[in-house]
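S.K.: Before we start, here is the structure in question, set down as structure tokens.
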Amino acid sequence: MPVLCAPSRFPDNTLDICNFWKNNHPDFDIEIYTTENQGVAKARNYAIEKVKTELIAFLDSDDAWNKDKIHLQLKFFNSFSKANLVGTGSNIRKITDKNIRITKKIILKRNLFTTSSVMIKTNIAKEFLFNTDLKRSEDYNLWIKIVSKYPNTSFVINKNLVLYSTEGTNKLSKALLQFEK
């Protein structure tokens, strides 16, 4: 399974963690790229442009995945070949209903995706990319474009599989629910 680690040059230890995994897990095909900090949208686009796999899953350095997340999403993609975008619930976007097919009406009313919950087909991500002109909600903007152009291909699995961090002084999402209102 190829893993792409594209840390920006932040004063954290993301690059050290990526190098640790590369050096200690030869069973993973890990490629490490670094880039100057030009914002999250540019960093994600940089990684998307490098990816050679069929699917991409995002994980921000301060978030965490449940051990079953990737497995369940891959199973979903295998069951629904027309799926382009599959998210899961998280601690801040709790999903308690059945699996949800995201329509344009639903996505315009409320963003049910956190970026670290998303798995997306690489060709779809490359078609749209994140809007680098936006200072926030660049992810929501991307989800709206995908759902609008490709109806009935986006889903949220009814399991809360992402621990989304709202801690820290520089988190745009710290007051996420208030921001959405």
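S.K.: Does a label point 7 Å from the Cα of Phe80, set along Cα-to-beta-carbon, have any residues of segment 119-145 with amide nitrogen under 19 Å, and which are they?
M.R.: From segment 119-145, the list is 119-125, 140, 142-145.
S.K.: I want the local charge near Ile144. Using Cβ-Cβ distances under 12 Å, sum +1 for each Lys or Arg and -1 for each Asp or Glu among the other residues.
M.R.: My count for the surroundings of Ile144 gives +4.
S.K.: Further question on the same structure: Select from segment 80-118 those trypsin sites (Lys or Arg not before Pro) which occupy a DSSP coil region and have at most 12 other Cβ atoms within 10 Å, ordered by residue number.
M.R.: Hits after loop and neighbour filter: Lys82, Lys94, Lys98, Arg110.
S.K.: If you don't mind, there's one more thing I want to ask. With 29 Å as the limit, write out which pairs from Lys22/Lys145; Lys94/Lys145; Lys22/Lys109; Lys50/Lys109; Lys22/Lys69; Lys69/Lys145 have Cα-Cα distances beyond it, or answer none.
M.R.: Lys22/Lys145; Lys22/Lys109; Lys50/Lys109, as the Cα separations exceed 29 Å there.
S.K.: Report the label-to-label distance for Ile92 and Glu54 in nanometres (one decimal), using points 7 Å from each Cα along the Cα→Cβ vector.
M.R.: Output for this residue pair reads 3.2 nm.
Throughout, read-outs are computed from the coordinates displayed, never taken from laboratory work. What you see is a predicted model; the values in this text were computed from it and never measured. Neighbour counts are summed over all protein chains in view; Cβ atoms, including those assigned to glycine, are modelled from backbone coordinates with ideal geometry.
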